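The values are calculated or read from the model by the stated rules, or taken from the named source; none is laboratory data. This structure is a prediction, so every number in the text was calculated from the model and none was measured. So basically every Cβ, Gly included, is an ideal-geometry build from the backbone, and we count neighbours across all protein chains shown.
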Amino acid sequence: MSQAHSISTHRRYGTTRVCNIWGVPRATVYRHRVTGNAANEARPPRRRGPEGACSDSALLEHIEAIIEASPFSGEGYRKIWARLRHLGVCTAPRRVRRVMKENDLLAPQRPVQRDAHPHDGTIVTERVDQVWGTDMTQTVTIGEGRAYVFIAVDHCSGEFVGTHASSSASRWEALEPIRQGVTRHFGCIGPDTALGLILRHDHGSNYMCTGARL
């Protein structure tokens, strides 16, 4: 209709006048024209601006090579971007993050290669008083407030060799179950009393502080 000519003026009506009379926004008309164009539909979408130092596929190869050569397993995209710049591949950090995200290479998504465990998570010794395990937990009491509970367990029999509860979580309180177990199973506390006994713990601050290491 916009290309039709007026009989009186012999001029085309135009898109603006036709849209005003019909009450249709011109943007809608232009959008339908672009959508109906087969050439525009076949054109793949692409990001605006220059492509950068290399294509996405070549950048992906550089990123995978850096990850493969790195001795670390949890490096993020910013460290990868810094290593790329060191190699002469200058690109934006957001582009590195996008390429890594599209290929599941970000640190939370990247699988971590770990060494095989020497055991299945259970340690059982051949005899008692060979390996003891100790740990701490905490609870809250109604009358006295927070309480810290320390235990020591034999890895062979599963027996509690010592238990202790205290309002403090110092290194001296952490060693109390061990003192109880050594006194009960080895007779006394003294030099060379429990030779060959191994103590396992979770390397918490209560056990790793100065004066509490066994």
*Between residues in the stretch 130-148 that are closer than 15 Å to Thr163 by Cα and residues that are loosely packed, with under 10 Cβ neighbours inside 10 Å, which pairs lie under 6 Å by C-beta distance while being six or more apart or on different chains?*
Ala147/Thr139
*helices (runs of 4 or more DSSP H) contained entirely in the stretch 34-126, each with at least 2 residues that are surrounded by 12 or more Cβ atoms within 10 Å (Cβ to Cβ), at pLDDT below 90 and assigned by TED's automatic domain parsing to the domain that holds Arg200*: none
*Would you pick out the residues in the stretch 169-193 that are free of Cβ contacts under 8 Å to residues at least 24 places away in the same chain and outside any helix (DSSP H, G or I)?*
Gly187, Cys188, Ile189, Gly190, Pro191, Asp192, Thr193
*What pairs can you find where one residue is in the stretch 56-69 and charged (D, E, K, R), the other is assigned to a helix (DSSP H, G or I), and their Cβ atoms are less than 9 Å apart, with a gap of 6+ or different chains?*
Asp56/Arg95; Asp56/Arg98; Asp56/Val99; Asp56/Glu102
*Within the stretch 183-194, is there a residue that is more than 20 Å from Gln130 (Cα to Cα) and of a type in the set (A, V, I, L, M)?*
no
